[in-house]
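Engineer: Sharing a structure here in structure tokens format.
Since every read-out is calculated from the coordinates, none of them should be taken as a lab result. Just so you know, these numbers come straight off a predicted model, no measurement behind them. In this analysis, Cβ positions are derived from the backbone assuming ideal geometry, glycine residues included, and neighbour counts consider all displayed protein chains.
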Amino acid sequence: MTIELEHVSHAYDVEVLHDLNLKLEGYRSLALIGVSGSGKSTLIRLMSGLEIPNSGRISINGASVRDEAYRKRVGFVFQNHNLFPHLTLKKNITLILEKTRDMNKDDAEKTALKYLHMLHLEDQVDKLPKNVSGGQAQRASIARALSLDPDIIFLDEPTSSLDPILTHEVLTAVEELRGLGKRFIFVTHVMSFVKDFADYVVFMDDGRIVEHGLPEILDNPTGETLKAFMKRVR
Ligand code: ADP
Ligand code: MG
């Protein structure tokens, strides 16, 4: 994919992203890393079109993230699964397909089952989110994102509320999606996953992109900030 950030700044009450510039081409899977509060969620929300930057321009695969058409081509997986609590895993997906993609019941059901199966949830499809594990719920929300057939899937710390075993289970399921031809932009603290899955890494600190490069930079950080970060997460 191609990613262009030009003078991107963003403020809530104070400015939290400061004049980000980045131009990338040809990568399939981009990891955003950095300490809590460094601006990763803000940036991934801007890149996905969920929020619009106060100033600057973001374009991905040649489309401005402000375009309605772009936002139809992306899927987002949040920190917490965000499933409707009163609907089964399957219904969580079919409802969205019927409402937003005008799919008929049969096609929606077929699509939902295909992706729930892909995420190894074939035995859980009729359960409510509260009756499955956190890892299963998070995999269902990945299935839901995939069912909309996006070009790019954004994941913002999809395992932050999970224990190490469930974290592994979810991240392994994501790695299995490699063959789908989707592009991924994700935030995580799991550095082994970054090394396995990302083909480019952006390190943020205090609302700035401090270092970026191939995942090898994690083993040989040049700057002091990334060096210190890698010591802390290891
Ligand atoms: P990260 O995901 O790296 O932890 P965030 O993008 O969530 O970082 O936050 C960056 C900064 O923006 C933090 O100082 C945070 O407090 C602030 N921030 C994030 N979201 C909001 C919001 N909705 N309103 C006000 N401040 C926010
Ligand atoms: Mg965050």
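Engineer: Which residue, of 148, 155, 113, is surrounded by 21 or more Cβ atoms within 10 Å (Cβ to Cβ), under 20 Å from residue 177 (Cα atoms) and hydrophobic (A, V, I, L, M, F, W, C)?
Structural biologist: Numbers: 148 fails: surrounded by 21 or more Cβ atoms within 10 Å (Cβ to Cβ); 113 fails: surrounded by 21 or more Cβ atoms within 10 Å (Cβ to Cβ).
The unique qualifying residue is 155.
Engineer: Given the options 37, 62, name the one that is among the small types (Gly, Ala, Ser) and either within 16 Å of ligand 2 (Cβ to nearest atom) or in contact with a helix residue (DSSP H, G or I) (Cβ under 6 Å, 6 or more places away or on another chain) (or both). Reasoning before the result, please.
Structural biologist: Working: 62 fails: either within 16 Å of ligand 2 (Cβ to nearest atom) or in contact with a helix residue (DSSP H, G or I) (Cβ under 6 Å, 6 or more places away or on another chain) (or both).
On inspection, the qualifying residue turns out to be 37.
Engineer: Within the range 145-154, is even one residue over 22 Å from residue 40 (Cβ atoms) and either in a helix (DSSP H, G or I) or within 16 Å of ligand 2 (Cβ to nearest atom) (or both)? First the steps, then the outcome.
Structural biologist: Within the range 145-154, the first condition is being over 22 Å from residue 40 (Cβ atoms), and the residues that meet it are 146-149.
Subset that is either in a helix (DSSP H, G or I) or within 16 Å of ligand 2 (Cβ to nearest atom) (or both): 146-147.
Checked against the condition, which is being over 22 Å from residue 40 (Cβ atoms) and either in a helix (DSSP H, G or I) or within 16 Å of ligand 2 (Cβ to nearest atom) (or both), the range 145-154 yields at least one hit.
Engineer: While we're here: Counting just the residues of the range 89-106 that are in contact (Cβ under 8 Å) with a residue 40 or more places away in the chain and within 20 Å of residue 177 (Cα to Cα), which one comes out surrounded by the fewest Cβ atoms within 10 Å (Cβ to Cβ)?
Structural biologist: Per the stated criteria, the residue is 89.
Engineer: Test each condition in (1) within 16 Å of ligand 1 (Cβ to nearest atom); (2) at positive phi; (3) among the charged types (D, E, K, R) for residue 149 and report the one that comes out false.
Structural biologist: (1)
To keep it simple, each residue is scored yes or no on (1) under 18 Å from residue 146 (Cα atoms); (2) more than 16 Å from ligand 1 (Cβ to nearest atom); (3) surrounded by 20 or more Cβ atoms within 10 Å (Cβ to Cβ).
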| position | (1), (2), (3) |
| --- | --- |
| 15 | no, no, no |
| 25 | no, yes, no |
| 35 | no, no, no |
| 40 | no, no, yes |
| 48 | yes, no, yes |
| 64 | no, yes, no |
| 76 | yes, no, yes |
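Engineer: Moving on to the next point. Which count do you get for residues in the range 79-88 that are aromatic (Phe, Trp, Tyr) and buried (at least 18 other Cβ atoms within 10 Å of the Cβ)?
Structural biologist: Final tally of qualifying residues: 0.
Engineer: Looking at the range 161-184, is at least one residue part of a strand (DSSP E or B) and under 18 Å from the mean Cα position of the chain (by Cα)?
Structural biologist: Yes, there is a match, as at least one residue in the range 161-184 is part of a strand (DSSP E or B) and under 18 Å from the mean Cα position of the chain (by Cα).
Engineer: Also: List every residue pair whose Cβ atoms sit under 7 Å apart, with the two residues 6 or more apart in sequence or on different chains, where the first one lies in the range 157-170 and is over 11 Å from residue 78 (Cα atoms) and the second, anywhere, is among the charged types (D, E, K, R) and more than 16 Å from ligand 1 (Cβ to nearest atom).
Structural biologist: Between residues of the range 157-170 that are over 11 Å from residue 78 (Cα atoms) and residues that are among the charged types (D, E, K, R) and more than 16 Å from ligand 1 (Cβ to nearest atom), the close pairs are 170/139.
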